[in-house]
Each structure stands twice: as C-alpha cells, then as structure tokens.
Amino acid sequence: MAQTLTSIEPLLPVLRQQPFGLLSDIDGTLAPIVPRPEDAAVPEETRALLRGLIGKGVRVALITGRSLEAARAMTGVEGAAFAAEHGLRLWIDGRLEAVPGLAEYEAMAGQAQAELRQTELQLPGVQVEYKGPLLAVHYRRAREPRAAREAVLAAVGRSSAAQRFRLHEGRMVVELRPPLDVDKGTAALTLVQRLGLRGAVVLGDDITDIDMFAAVGRERAQGLAAVTVAVVSGEATPELLRAADYSLEGTEGVRRLLGEMVRALP
C-alpha cells in the first residue's frame, strides 16, 4: 500500500541517477479533471516547472490516453516526449512513431462512434470522444453516473463495431481500444529504453496507470532506480494505491513535488 509522500527525501537517490526521467500521466495528474475533456489544460505554473526540469536535463515523458495533438496542445511543453493513445503513437525527439495498422482501427472507431451516438443523444451528460484509433465515452456530467455507466456498457454491447475493440474503464469513462498488446505499461518500458533512463519517477492517478507502475516496477530487477507515485482524489481506487510506492494529493500535490524536484536538481 502506498505511503503518503511528505517530502522529497525518498526520491533523492532516484533523482541522482543519470539519465533521469519523469514519466507522468496528464489528466488528473498534471491537469485537473474538468467536466468536459476538451476544456482540460495543464496550468501554466505546472508547465513552467516541467520546462524547468527539462532545462536541468530531465527527460520528461508524458503517457496519456489523449491523441498526440491534444496532449501536446494541453501541455504546451517543448522538449517533452509523448506516448499518446495509451502508447499507440510515440513522439520522441521530434519524431513520430505509430503502431502499424492504426488506419483500420480509425475507420472502425468512426463507425462505433456513429453507433454509440444514439446513447449520447438519449443520456444527457454522456459524451462520445473520437480519438483516432480509439473511443472514449465519458459519463462524468451525467446526473446519475452509475446508471449512465450501465447504459453505456449496454450500448457498447449492442454495437457491432465496438465489439472489435477491447473495453477498458477509467475515471468516469469507458474506453474502446484496438486489440493490440500496447498499453501505458509497454509505453513506459519503451520510453525508459529509448531514453536510456537509469532513474525514473512515475506519476499517475487512474486505474490505467497501474500498468505503468507495474512495468516500471519490474524494471527495477534490471537495475532501474524508480519510484511510483499515485495521485489521489475522491475517485482514487484501492488498486491504484496498492500498486504505487507513494501517494500525494491531487494536481496541487504534483505541482508542489515538481517544484521540489526543480530545487533539488543541480
């Protein structure tokens, strides 16, 4: 079970590794959760701290379910690497890489979106978000989220196109992802290897970030110095806390930690 992170002291041995990297989720970790996903953004103070880390030689890598375009726009941090769409697309040192065959799933996701629109129209507060090769169905704004979730799952079960995807759940969202062996865990491993990291601090707030924590945790046996930190809120799951080394409170807690990291680095 994660211990509450009250100071930067436990992270200092990791920060001293070279190269050192920060691997972080975006929504709910760097950017506050908001009712409409398109309105989310990383606060300018947090952006400045991320730039400060990059300026001190830290490899900042952001791992997200967002599209690459949305992730880069909402963070506004040049020099960061990205694993977008749960690792389906990578942006490393200014170069784009993508898992083969995504065009097929982009077309299928469009078909699934059309089939699920009927649910969106019938349930106020439910929003279907097209993200290229995957879909996210948000029910955060629904008057009765539990009932909305059940209705969304039922609609997914009726959609022939949606059946071609793997179903995953997160914080007030149902995601449909291509049936490929790619997730935030595989993305984190790829970034650790490609960036040549010897140390990493890993931040995440959602159940989808458990894969990231587990993958980085396994790399400790290969010599990686790593600390995993769960960012908790009223929606935090016990599974997330069990998977992390430490926990801190919300995006404000993350901002304070980033500030301490900037001050601790030479």
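Results, tabulated for the structure shown:
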read-out: Residues satisfying the stated conditions in the range 184-202, i.e. among the basic types (K, R), assigned to a helix (DSSP H, G or I) and surrounded by fewer than 19 Cβ atoms within 10 Å (Cβ to Cβ); value: R194
read-out: Lone unmet requirement of (1) within 19 Å of A83 (Cα to Cα); (2) modelled with pLDDT of 95 or more; (3) not in a strand (DSSP E or B) for D181; value: (2)
read-out: The range 151-171: number of residues that are assigned to a loop (DSSP other than H, G, I, E, B) and hydrophobic (A, V, I, L, M, F, W, C); value: 2
read-out: Any hit, the range 230-240, residues being within 16 Å of L15 (Cα to Cα) and either of a type in the set (K, R) or part of a helix (DSSP H, G or I) (or both); value: no
read-out: Strands (runs of 3 or more DSSP E) contained entirely in the range 57-106, each with at least 3 residues that are under 23 Å from R16 (Cα atoms); value: 59-63
read-out: Qualifying residue in the range 34-54 (condition: within 15 Å of the chain's Cα centre (by Cα), crowded, with 20+ Cβ neighbours inside 10 Å and farther than 28 Å from R164 by Cβ); value: yes
read-out: Pairs, first farther than 17 Å from L203 by Cβ in the range 55-80, second assigned to a loop (DSSP other than H, G, I, E, B), C-beta under 6 Å, six or more apart; value: K56/L265; S67/K131; S67/G132
read-out: Matching residues in the range 211-225 - criterion: being of a type in the set (A, V, I, L, M), over 10 Å from the mean Cα position of the chain (by Cα) and within 19 Å of L240 (Cβ to Cβ); value: A214, A215, V216
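The values are calculated or read from the model by the stated rules, or taken from the named source; none is laboratory data. Just so you know, these numbers come straight off a predicted model, no measurement behind them. Neighbour counts run over all protein chains shown; Cβ positions are idealised from the backbone, glycine included.
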